[in-house]
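The structure appears right after this line, and notes come after that.
The values are calculated or read from the model by the stated rules, or taken from the named source; none is laboratory data. Computed from a prediction, not measured in an experiment: that's the story for all the values here. For neighbour counting, all protein chains shown are included, and Cβ atoms are generated from backbone atoms with ideal geometry for every residue, glycine included. Surface accessibility is based on the protein's heavy atoms, side chains included, excluding ligands, DNA and RNA. Shrake-Rupley method; radii C 1.70, N 1.55, O 1.52, S 1.80 Å.
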Amino acid sequence: MRNRKRVGWHRYINGVTIATLITALFILLPLYWLIATSFKNPNAIGNSPPSLTPNPVSGANYSNAFVGYDFGIYFRNSLIVCIAATALVLILGTLAGYALGRLPMRGKFTTLVILLMISVFPEVAVIAPLYLLMRNLHWLDSYQALIVPYTAFFLPFAIWILRNYFLGIPKEMEETGRIDGASPLRTVWTIVLPQALPGLFTAGIFTFTACWTEFLMALTFNSSNNFRTIPVGIAEFGGNFQVPYGTIFAASVVAVVPIGILVFIFRKFVISGLTSGAVKG
């Protein structure tokens, strides 16, 4: 009987391993093709049969992206907008998440429901009135035209993550700080926030990624080349009769690098933050 259970368990483990490998293969193959094609000679792209490796290796696509299509400007704009919006989301989300998770207040459930509704609300439904608002404020073709809407759209999700994480921090830690004579603000800053770092990193990375890849508002509010972000800039590559696939692939590789670095460096915090948010209500 035990042998049968062991055989069944080993079969289950092997099945999960095979499924994981197949899933990883489906994820990594497009990424490899993206990177390999970005290093191919522009004239070699589209040959039949296609080459699996760049031979010879060429950096012409990267040079064309930064010199011929001003990709450096788009990269700079995305960094400014995403860093500013992420900072605002973390500051406001920390304050709101702490209040909803730790302080006694009326209407918590209603507030959380409203935040949940906002977080799943489609941005296409409000893009027209937002455009009129930006035009009346003379904010079109500016950084604040994206920073403010991004903060408003991605703040509810951050509040949910941080609120759930604050709930998991023992209240005794705050009480100890108060007994020692620390003010409420100092208690939060020195005791609560260090314990909530995984949640902060999780909310920050998700917000930064969402801002980095957002397309519709960036396309609608900023039509000037000096304020375009990466998704809109890449979409504008090429002309009516030519699509520079190699240049697009090279720009896409550069666009993926910051997200990959963030996730790799803070992967432990992200996993911890997601796990905490999943099990605490």
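List of remarks:
- Rg over Rh for region 118-240 works out to 1.15, using Cα positions for both radii and the Kirkwood form for Rh.
- Mean residue ellipticity (222 nm) of the chain, computed from DSSP H runs ≥ 4 via -39,500 (n - 2.57), nearest 500: -22500 deg cm²/dmol
- Ranking M105, M173 by solvent-accessible area of protein heavy atoms (1.4 Å probe, all protein chains present), from largest to smallest, gives M105, M173.
- Within the accessible surface of the chain, defined with a 1.4 Å probe on protein heavy atoms only, the carbon and sulfur portion equals 69 percent.
- Dividing the alpha-carbon radius of gyration of the chain by the rule-of-thumb value 2.2 N^0.38 Å gives 1.26.
- Note on surface exposure: T213, T247 rank T213, T247 by accessible area, highest first, 1.4 Å probe.
- Between L137 and E175, the C-beta separation translates, for a Förster distance of 35 Å, into a calculated FRET efficiency of about 0.15.
- The lysine pair count for the chain, using Cα distances under 26 Å and pairs eight or more places apart or on different chains, is 5.
- Extension gain for E123-V256 works out to 45.5 nm (0.36 nm per residue, less the C-alpha to C-alpha distance).
- The label point for Q242 and the one for L216, both projected 7 Å from the Cα toward the Cβ, are 3.4 nm apart.
- F264-S223 pseudo-label distance in nm [points 7 Å out on the Cα-to-Cβ vector]: 4.0
- Rounded to the nearest 10 Å², the accessible area of R163 at probe 1.4 Å: 40
- Using heavy atoms of the protein chains and a probe of 1.4 Å, the accessible area assigned to F121 is about 110 Å².
- Between Q195 and W33, the FRET efficiency estimated from the beta carbon spacing at R0 = 51 angstrom works out to 0.75.
- For the set W160, W212, the ranking by accessible area, highest first and with no ligand, DNA or RNA atoms included, is W160, W212 under a 1.4 Å probe.
- Set of region 145-172 residues, backbone N closer than 20 Å to the point 7 Å along the Cα-Cβ line of V113: 156-157, 159-161, 163-164
- Selected from P104, P49, P156 as most flexible by GNM, with the chain as the system and alpha-carbon contacts under 10 Å: P49
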